Amino acid sequence: MTICTPDRPEPPPFSEPWHAQAFALTVHLSERGNYTWPEWAERFSAELVALRGRQGPLDGGADYWAAWLGALEGLLTERGMAEPAVVERLKEAWEAAYLATPHGAPVQLKAGQ
Amino acid sequence: MPHDHHYHDHDHDHDHAVLPPEPALRVKALETLLTEKGLIDPAALDAIIDIYQNQVGPQNGALVVAKAWADPDFKARLLADATEVVAELGFYGRQGEHITVVENTSERHNVIVCTLCSCYPWPLLGIPPGWYKSDAYRARVVREPRAVLAEFGLALPEGQAVRVWDSTAEMRYLVLPMRPEGTEGLSVGELAALVTRDSMVGTGVPKVPA
């Protein structure tokens, strides 16, 4: 199995905007003292192991970021910072907002959501 | 967990905003909640993204390597205390708190990996490439480094040992590759242009001057 083709053009560091957002959120929350980076690394590592157990070897692309987000959600739940039911409700509110917003207009949550 | 029935790469009729993928909505939900709680500053998130998307990358590490090639005193200090020396060049901060530089010689080639997750010297190399984060690399480079390096097109002489350095959240490594022959008289800037990202991870060697 070939890992890479040498000399191919360098891809951008984040292939999707949400990868960058999840990354920044994780760094920022750590810098604000909510957890240390080694605590994060341990959590993330455990998530990678768990994901590998469920779906086999990880390719370091979309699966890597899925594990990253899963680890972040788990950590924030554990620390009482983001309750899963509230996160789910907000996710649905964002989904509804996208579906209700005309194409090209900024998407915003309604007050009270 | 795939949840793609709302992905809008199909073309039937709709006039609303394009719905982002499910994980993107989860991230937005987290951001909304944490902002409401006053736990995050959205402007700080944008600043972090800008740094890693646009400012930090292997060009930083390449400058360090080129300076080490050009200046024996700099090199000696770099190998003794990389963290402090690269900080003097302005390369410090996240994931750069503890950096060790390991020098390639004709007797030993060095390779870095993070078997735990994806620890990497961000201030010097930026965000790691996909392959550095893949199981194919993380697990195998420890077990069969020569085979993995061969897949990168790197065939090492039999007599050159390979040492694999496992990065952690506390210690990160940078490989100081061997200076290519035929580079006498080049400026630091010209030398830096020969230093590839892979050569500083140990999965490649520097370019040779054209």
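The values are calculated or read from the model by the stated rules, or taken from the named source; none is laboratory data. These numbers come from a predicted model, not from an experiment. Every residue, glycine among them, receives a Cβ derived from its backbone with ideal geometry; neighbour counts consider all protein chains shown. The accessibility values were calculated without ligands, DNA or RNA, using every heavy atom of the protein model including side chains. Shrake-Rupley method; radii C 1.70, N 1.55, O 1.52, S 1.80 Å.
Conditions tested, residue by residue: (1) free of Cβ contacts under 8 Å to residues at least 12 places away in the same chain; (2) more than 20 Å from residue B:169 (Cα to Cα).
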| position | (1), (2) |
| --- | --- |
| B:48 | yes, no |
| B:52 | no, no |
| B:56 | no, no |
| B:61 | no, no |
| B:64 | no, yes |
| B:71 | yes, yes |
| B:75 | no, yes |
| B:82 | no, no |
| B:92 | no, no |
(1) hydroxyl-bearing (Ser, Thr, Tyr); (2) facing chain B (nearest Cβ under 8 Å); (3) open to solvent by 40 Å² or more (accessible area, probe 1.4 Å) all hold for residue A:101 apart from (3)
Given the criteria modelled with pLDDT under 95 and of a type in the set (Phe, Trp, Tyr), does residue A:23 qualify? no
Which of the residues that make up region A:64-75 are free of Cβ contacts under 8 Å to residues at least 40 places away in the same chain and facing another protein chain (nearest Cβ under 8 Å)? A:64, A:66, A:73
Pairs needed: first member in region A:33-60, facing chain B (nearest Cβ under 7 Å); second member anywhere, buried (at least 19 other Cβ atoms within 10 Å of the Cβ) and among the basic types (Lys, Arg); C-beta distance under 6 Å; at least 6 residues apart or different chains. A:60/B:133
Let me spell it out: the conditions are (1) within 12 Å of chain A (Cβ to nearest Cβ); (2) open to solvent by 40 Å² or more (accessible area, probe 1.4 Å), and residue B:159 meets all of them except one. Which number is the exception? (1)
Residues that are open to solvent by less than 60 Å² (accessible area, probe 1.4 Å) and facing chain B (nearest Cβ under 8 Å), drawn from region A:12-32: A:13, A:14, A:18, A:20, A:21, A:22, A:23, A:24, A:25, A:27, A:28, A:29
Kindly list, by first and then second residue, each pair from a residue in region B:184-210 that is in the same structural domain as residue B:173 (by TED's automatic domain parsing) and farther than 12 Å from residue B:65 by Cβ to a residue that is among the basic types (Lys, Arg) and open to solvent by 20 Å² or more (accessible area, probe 1.4 Å), limited to pairs with Cβ atoms under 7 Å and residues at least 6 apart or on different chains. none
Failed criterion for residue B:109 (all others in (1) more than 12 Å from every other protein chain (Cβ to nearest Cβ); (2) surrounded by fewer than 18 Cβ atoms within 10 Å (Cβ to Cβ); (3) under 16 Å from residue B:174 (Cα atoms) hold): (2)
For region B:176-194, name all the residues that are open to solvent by 10 Å² or more (accessible area, probe 1.4 Å) and either within 14 Å of another protein chain (Cβ to nearest Cβ) or in a helix (DSSP H, G or I) (or both). B:188, B:189, B:190, B:192, B:194
Given the structure, is residue B:76 within 14 Å of chain A (Cβ to nearest Cβ), assigned to a helix (DSSP H, G or I) and small (Gly, Ala, Ser)? no
I need a count of the residues in region B:84-101 that are buried (at least 18 other Cβ atoms within 10 Å of the Cβ) and over 20 Å from residue B:188 (Cα atoms). 3
